Structure formats: C-alpha cells, structure tokens
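What follows is a short report on a single structure.
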Amino acid sequence: IKYHKVLKWLCSELYTFCFNSTITTTILRMNEGSFTLLEGDVEFPKNRNAMKCWQNSQCSWPKSDDGKVRIPFMLSDKYDSEDKRTILYAMEEFHNKTCIRFIPRQGQTAYIYIEPRFGCSSMLGYLGDKVTVSLQRYGCIENGIIQHELLHALGFHHEHTRSDRDKYVKINWENIHDYYAYNFKKKDTNNLDTPYDYNSIMHYDRNAFGNYRSETITPIPDPSVSIGQKGVLSTIDILRINRLYRC
C-alpha cells in the first residue's frame, strides 16, 4: 500500500511537470477511449426529464425550509481511507462557501453515489434518483477534479458551452475532428446574471479535443487571457452556486 501511494504521487507529479496538467487535461486524459460521454465527462441522460435538464436548464436539488440544500451521498467501499478523506475535503469548500451540504445517505431515493469506475465523469443535475459520479482511483482523486464533477451533479454545464460564449471565446472548428465537434455545442443555459468566467473550474483548456494538441478555444478579444486551471472553485463558480440555489 505504501509503494502504491508513492507511485500514485510520482505519476501525478511527473504528468503535471511535463505537461502543465490542468483539471480538464487530466479529466480528458483519464476518459480517453470512452465513447459514451458528452463533452468529455458528462454521462448521457437516460430519461426524458434528464434530457430536458441537459438541453435547457439546470435541474437543481431541493432546498430545505432552513435554507440548506442537503444532498445525500454514498462513497464506494472500493476507496481507501486516503481517497475518502480527499473527497470529503473537496466537499468541505461547498459547505464553507455555499448552502450546499453533502450528507451521508440514510435511505433517501435521490442521492449521489461516488464510485471508482472508468475515468472521471458525472450525471447532470437532480434526477429524483441516484446520480452517479465516477472518480477513478489513481487519476481522478484530486480536489479540483472532484469539485468539477460535483458541479455537474449540482446541475452545471461546462463554461465553454454556455449560451453567450461566442462573445468571449472563438471555437476553432478547423482544429476539431468532426467526431468531437458535439463537445462544443452551445447549451441554452441559465447564466444567472454572472459574467463569463475564463477561470471557472468548469472551463475547458485551449487545446481540448484539438487535433494534435492544436488550439480549439481562443479567448476574445484578448487571446492571451489564461484559461483552464489547476484545482479550485473560482469566485464566480461559488457565486453561481449561491444564485442557483438561492443561498
């Protein structure tokens, strides 16, 4: 176990050093080879209600009378104690800065189930039933990736697909293989009167799905603006959670 933990740390540090890995580069790398995910890490909805959430607006979890949004969750027994600590720590930032409260499931029908399946992915929003979040061990158990996938489970799309994105980024379609073009399709999102956020934990990198790592997303009017980040909720990410859930 000790050697596995050391190897896990070395692999993570080596990839970050060599490739300046950000949240989305890691997610897409972990999910490479999966043809069942939308936008690289969102599980395709399996019923009409979920499809409405996917196409139009976020489906939010219900709020209690005391103003808290309590979301039951379960962690797979396949995680070790270190994995579980990292996941719980990532949840704490939601507790500290929003009215979201992840609570251990006690028989509730609607809940989030976090398990180490293939790659890093999540269903989108409240479905009235189990919402699955996949966090593969040795790759997806990182603070920013966990928070990214939990934001999907809370009902948030990727930033680069929001309805007004063409005012803020240029999508370089010529650098995207036709097969991957659907990952850049705009959604009819509720932007909650918040500005476009290049620094969002939900924003894809410049080279996401690019042919031979070519640039697919260019900020406008200033192409030098930094996009894609390494691991924390942005100020606007937090603002959006609080607005969507009326915290």
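The values are calculated or read from the model by the stated rules, or taken from the named source; none is laboratory data. Every value quoted in this text rests on a predicted model; they were computed, and no experiment measured them. With ideal geometry, Cβ positions are generated from the backbone for all residues, glycine too; neighbour counts draw on all protein chains shown. Surface accessibility is based on the protein's heavy atoms, side chains included, excluding ligands, DNA and RNA. Shrake-Rupley method; radii C 1.70, N 1.55, O 1.52, S 1.80 Å.
Contact order for region 115-221, expressed relative to its length and based on alpha carbon pairs under 8 Å spaced 6+ residues apart, stands at 25 percent. Derived scalar couplings between HN and Hα for region 154-168 equal 7, x, 9, 7, 6, 5, 6, 9, 5, 4, 9, 4, 5, 7, 10 Hz in order, rounded to whole Hz, by the Karplus curve 6.51 cos²θ - 1.76 cosθ + 1.60 (θ = phi - 60°), x for Gly and Pro. Dividing the mean sequence gap of close Cα pairs (under 8 Å, 6+ apart) by how many residues region 159-231 holds gives a relative contact order of 40 percent.
Each residue, Asp80 and Asp164, gets one label point 7 Å from its Cα in the Cβ direction; the gap between the two is 4.7 nm.
Cross-link check: pairs Lys68/Lys130; Lys130/Lys185; Lys68/Lys187; Lys78/Lys185; Lys84/Lys186; Lys68/Lys185 evaluated at a Cα-Cα cut-off of 24 Å; pairs beyond the cut-off: Lys130/Lys185; Lys68/Lys187; Lys78/Lys185; Lys84/Lys186; Lys68/Lys185. With the highest mean first, a sort of the peptides 82-89, 220-227 on other beta-carbon atoms found within 10 angstrom per residue produces 82-89, 220-227. From most to least packed by mean Cβ count within 10 Å, the peptides 136-144, 153-161 give 153-161, 136-144. The charge dipole of region 159-231, taken about the Cα centre with unit charges on the Cβ atoms of Lys, Arg (+1) and Asp, Glu (-1), comes to about 120 debye, rounded to the nearest 20. Only protein atoms count toward the accessible area here, which uses a 1.4 Å probe; on region 159-231, the carbon and sulfur part of that area reaches 53 percent.
If you average 1/r over all unlike Cα pairs in region 97-226 and invert the result, what Kirkwood radius do you get in angstrom?
After inverting the mean inverse Cα-Cα distance, the result is 16.4 Å.
Taking the charge dipole of region 93-190 about its Cα centre, with +1 at Lys and Arg Cβ atoms and -1 at Asp and Glu Cβ atoms, the residue from Ala110, Leu135, Cys120 reaching farthest to the positive side is Ala110. Amide H to amide H, with H built 1.01 Å from N, Val131 comes under 5 Å of Tyr111, Ile112, Tyr113, counting only residues 5 or more places away or on other chains.
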